[in-house]
Amino acid sequence: MDTKDQYLQMFFDESAEYLQQLNENVLLLEEHPEDEEIINAVFRAAHSVKGMSATMGYERLTDLTHRMESILAKVRNKEMTINEFIIDTLFSGLDYIKLLLDDIRNNGEERTDISDYLSKLEKILNNDISIQEVLVKPEKTDLNLQDFTGMIALTEEEKEEIYNKMTSNDRIYNIRVILAEDCLLKNVRGYMILKKAQELGYLAKSNPDQREIEDEDFGDSIYIKLISALKEKQIQEELADIIDVEQVIIHVEDYKVEEKAVVEQQEAKSLVDSIKKQKDGLANIQVSPTVRVDIKKLDTLMNMVGELLINKTRLEGLNIDSDVYQDIIQQLDRVTQDLHHTVMQIRMVPIGGIFNRFPRMVRDLSKELDKKIDLIIEGADTELDRSLIDELGDPLMHIIRNSIDHGIEKPAERERKGKPATGNILLQAYQKGSEIIIEVEDDGAGINTEKVIEKAIEKGIITPDEASQMEERDKLNLIFHPGFSTSEEVTDISGRGVGMDVVRNVVETLDGQVFVESELGVGTRFTISLPLTLAITQALMVVINNEVYAIPLGSISETLLVAPEEIIQVRGQDVILLRESTIPLVEAARQLNLDIEYGKYRQLEEIPVVIINSGERQIGLIVDQMLNQQEIVIKSLGKFLVNIKNISGATIVGDGDVALILDVRNIA
């Protein structure tokens, strides 16, 4: 790699990091529009991208980031306030930055036309308000303030009490909530409005008051004076979501808390704010004592460690009767294990790098579909092999898009069902033994399996007879079939029937499994189970028809020796009873289509059985002999043998022979 290519790769790597930081920080800025620290973080990141672009000679990227930086400078200097229009404009700019970076990466030059967007930025910088009037829906009705402020006038004592309770972030909102003419339960709606107002801040006064509302002694309007640190738009949306509310009119009083009155509150709040920012994950580029290493170099290092483990296993197989030999073997074993652990730690990266891509996507899609959705991320610090991380983006994107489009309902529909107007999508990761579990769970409509069956029959995927014999799990798994979709129309988000198919194919390529659970009207959970690494793992070595095979330990629950009389038949299937659970038995040789006589295991005094897991299901795999537990290096079978049923790879055992690795997912 020459010097120019080396610098170009550094430019791509650092630009991608800054772009991710910008996306995260602009999302935070939308929630905390007056937070100077977040504004400064966004400004610094945009400035850094501009500097790198100018150094590399990319004029469009430099011009774009310079104008975005100018807008942020106006915000920082209090010459411009953050609103929904500015946030959307910044996000559009980040999308253009990504397009230009893709142009440079794929074509070596900037090709995307950004002239219209630059013109929009120029108008904003020149205080041309007309562009905002065109693009932003007015949030206030053009009613005279005097129409309702007199309805919630305060005495001097009430004013003093309110001002003493206020902090520097609080505002005084005068609100008029107008009920629909045909509202039948005005007292109930009035109570709901007051209760919601109390949740949004400090309810200073209402007209009518609570007693008058209970007696239904009022007209079509409720007047509220609310003290809150929330944004006007958020308060308006929360109140407008209440059933039978026809209109919400808000005016913000021009009152500021004097500095002297809030010095102590600000000092106390600064500590809380700093903690909150840590929790909120304020994204900023920090100087870190790390070096960038090409992933190919790590792959090469892992392969070398794998070869060392193979040769260590072969040395152990010599079994030389010598104290010096045994001492060397023990020391070699300790060193290779430490080396393997260290290399594994180097390759492990937090899964948050993938998770942090999705808050922006959820925000954009929820706005497009007119839905209210909160994305909750947990376990972002869970670590996974870098080679797996790189492949997970698409499957998770398809699952989350599926939850947004098919799962979460519109706010009005959710309220009719007795759910909160805002839907939740939980994205979490955690380690379970030698596996990483990733779950995407929503509290939406759930999957209608009857509709799934109907579509599957219509598309010829299954027959009505097959459908009648299907378990619930099998019905749900039909959504992973290529080309399957329950959408009536194709949109930019879904309907083509490729998303879930991509999920399953990619996950299985990574030697993982994907499961789906759903309850109609309650929600859906997708669970992805992945090995910690694709390179080296612990396995149980077994013999099947005089050949050695490996079964990954992560798939094994336990091993048993079963007497023939313990085997019973249920509907023609051999099963055993294990702690009050019925475990079906399958013969490994039959699953591998080996040309031998099946059923000979019944003649043995003790039958070796390996209990393997596949999700919530367990089966007993009958083998000829169980040998030992061993650390194995997983080798690919190559592109010509990649689709062999029930075989996921190969490894080299102590005597130098090749042992195939069983893919027990399909067996179970």
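Computed quantities for the displayed model
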{"item": "Label-to-label distance, nm, for residues given as Leu125 and Asp333 (7 Å Cα→Cβ offset)", "result": "6.9 nm"}
{"item": "Whole-number accessible area per residue in Å² for region 295-349, which is evaluated in the context of all protein chains at 1.4 Å", "result": "67 Å²"}
{"item": "Amide H within-cut-off set for Gln247, under 5 Å, with H built and near neighbours excluded", "result": "Ile178"}
{"item": "FRET efficiency for Leu308 and Arg105, using Cβ-Cβ distance with R0 set to 45 Å, rounded to 0.05", "result": "0.80"}
{"item": "Peptide ranges 104-111, 441-448 listed from the most packed, as the mean C-beta count within 10 angstrom indicates", "result": "441-448, 104-111"}
{"item": "Förster radius 22 Å - calculated FRET efficiency between Arg416 and Glu237, Cβ distance, rounded to 0.05", "result": "0.80"}
{"item": "Simple spin-label estimate for Glu158 and Asp220 in nanometres, 7 Å along Cα-Cβ", "result": "2.5 nm"}
{"item": "Tyr191 - accessible surface, heavy atoms, 1.4 Å probe, Å² rounded to 10", "result": "120 Å²"}
{"item": "Whole-percent carbon and sulfur share, accessible surface of region 536-666, 1.4 Å", "result": "45 percent"}
{"item": "Accessible surface, per residue, of region 536-666 when the full set of protein chains is kept, probe 1.4 Å, Å²", "result": "56 Å²"}
{"item": "Accessible area of region 295-349 belonging to carbon and sulfur atoms, whole % at 1.4 Å probe", "result": "54 percent"}
{"item": "Long pairs among Lys233/Lys367; Lys410/Lys451; Lys159/Lys196; Lys475/Lys635; Lys432/Lys455; Lys186/Lys367, criterion Cα-Cα beyond 24 Å", "result": "Lys475/Lys635; Lys432/Lys455; Lys186/Lys367"}
{"item": "Carbon + sulfur, % of accessible area of region 3-125 - ligands and nucleic acids excluded, 1.4 Å", "result": "45 percent"}
{"item": "Lys pairs, region 3-125 - Cα-Cα below 30 angstrom, 8 or more residues apart or on other chains", "result": "15"}
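The values are calculated or read from the model by the stated rules, or taken from the named source; none is laboratory data. Bear in mind the structure is a predicted one, so any value in this text is a computation, not a measurement. Backbone-built Cβ (ideal geometry, glycine too); neighbour counts: all protein chains shown. Heads up: the accessible areas ignore ligands, DNA and RNA and are worked out on the full protein's heavy atoms, side chains in. Shrake-Rupley method; radii C 1.70, N 1.55, O 1.52, S 1.80 Å.
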